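Taken together, the values in this text are just the output of simple stated rules run on the coordinates, not laboratory data. Not measured: the values here are computed from a predicted model. Here the Cβ is made from the backbone with ideal geometry for all residues, glycine too, and neighbour counts use every protein chain on show.
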Amino acid sequence: MTVSLAMIPHSRPSLGDEDVEAVTAVLGSGQLGQGPRVEQFERAVAAFVGVHGGVAVSSGTAALELALLALGVGPDDEVILPSYVCAAPWLAVVRIGARPRIVDIDLATFAIDPGATRKALSPRTRAIIVPHPFGLAADLTKLQTLGVPLVEDCAQTLGATVVGRQVGRVGQVTVCSFYATKLLCTGEGGMLLSNDEAILEKARALREYDEEPSLQAGSFNFKMTDLQAALGLSQLSRFRSFLERRAAIAAYYQRALGPTGVLLPTVPEGRTHIYYRYVVRLRPSHDSQASMDALLTRLEHRGVQCRRPVFRALHRYLNLDGYPASEQASETALSVPIYPSMTDDEMTRTARMLCEELA
Ligand SMILES: Cc1ncc(COP(=O)(O)O)c(C=O)c1O
């Protein structure tokens, strides 16, 4: 079979001339490693979210690991996290020797299920990782009452709001990812945000190994470079327009895909969705898994790269039973291309192909 040459990729960075200029200026300055631009980027992201400060690091996964360490989580402590998420949060927990307790999600929003989280609490629970999935903030009201520190994972949701306030202000620590195809990119990169200066201080000390008064197990080289921070700052100056473009594409998809009968993204009252991913759910059938595989292949051959929004849920990796919502999401959720650099032609072609394939 022939694959169309004009493939619409599932994701793509949104880069412009101003980004090239910003990075080139750093190259010319001779200050490439962690320096003033990293500090400036930390201040800018913290101000955007509305928290006291930030610590820029090499990836979102590194930010998660440092967040747990800065909260004092250690070997044999338990950390609760949802099954329907990428491997990064699980890896951060096990890398520091803690025990992951995996819970189910709420299928309508794909967010961690507060009821299941409460049931998973034990005297050893030291933190709950709350990913805000696909661009919609999870509801933290019930989770806040559980008496355990929350790590808000905003890797996919920077810029979303809850009753007019930026996501990422509630947890003891918030983490971001600036991977190449994230909402705002630095190639690779991440940040830990907090209102607690002691947490930020601890994370700063752990992200590098040099010039410390003593050898600290847990310290590593998790630094971001000024080259990356310059790209992040340049992207941040256009961030509002990125979100507007995502909203416009999502509105078009909603109109175009509504009549197909797929379940469109849910947006609870008081929250904004910034559509890092446009995730629809197909109606479950006796062979959902096979139908999804076949649909993805047909779309790819027609030039539209859709994906499962989570490659493999954690309960599937770990062969665990008892995760019905994560299981159903694994079988029926479909992520449709959406990014600021998507052209109108790509947007309309994507919607048309999907409508034809789902008819
Ligand atoms: C919810 C979530 N958390 C953490 C990460 C890890 O971020 P990074 O790839 O920057 O390590 C990702 C990356 O996709 C993510 O989606």
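Summary of values
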item	result
Taking 292, 224 and counting other C-beta atoms within 10 Å, the order from fewest to most	292, 224
Prolate/oblate/rounded label for the range 144-218 (Cα gyration tensor, a/c 1.5)	oblate
Whole-Hz couplings from phi, Karplus 6.51/-1.76/1.60, listed for the range 288-294; x for Gly and Pro	3, 4, 5, 5, 5, 4, 5
Order of 237, 288, 177, 58 under a 10 Å beta carbon neighbour criterion, fewest first	237, 288, 58, 177
Neighbour count of at most 11 Cβ within 10 Å plus DSSP loop: longest GluC sites (Glu not before Pro)-free window in the chain	1-210
Proxy reagent accessibility, fewest Cβ within 10 Å first, across 80, 249	249, 80
Assigned charges on the beta-carbon of Lys, Arg, Asp, Glu; the chain dipole about Cα centre (debye)	740 debye
Cα centroid separation - the range 59-99 against the range 146-208, whole Å	14 Å
Average Cα contact separation per residue, the range 239-358, under 8 Å, 6 or more apart, as relative contact order %	36 percent
Three-way shape label, the chain, alpha-carbon gyration tensor, a/c 1.5	oblate
DSSP bridge orientation in the chain - percent antiparallel, rounded to nearest 5	55 percent
Nearest-0.05 FRET efficiency for residue 297 and residue 321, computed from C-beta distance (R0 25 Å)	0.30
GNM result for the chain, Cα springs below 10 Å: residue of 17, 139, 77 fluctuating most strongly	17
Three-way shape call for the range 205-338 based on the alpha-carbon gyration tensor, with the a/c threshold at 1.5	oblate
Charge dipole of the chain about the Cα centre (unit charges at C-beta), most positive-ward option of 108, 177, 199	108
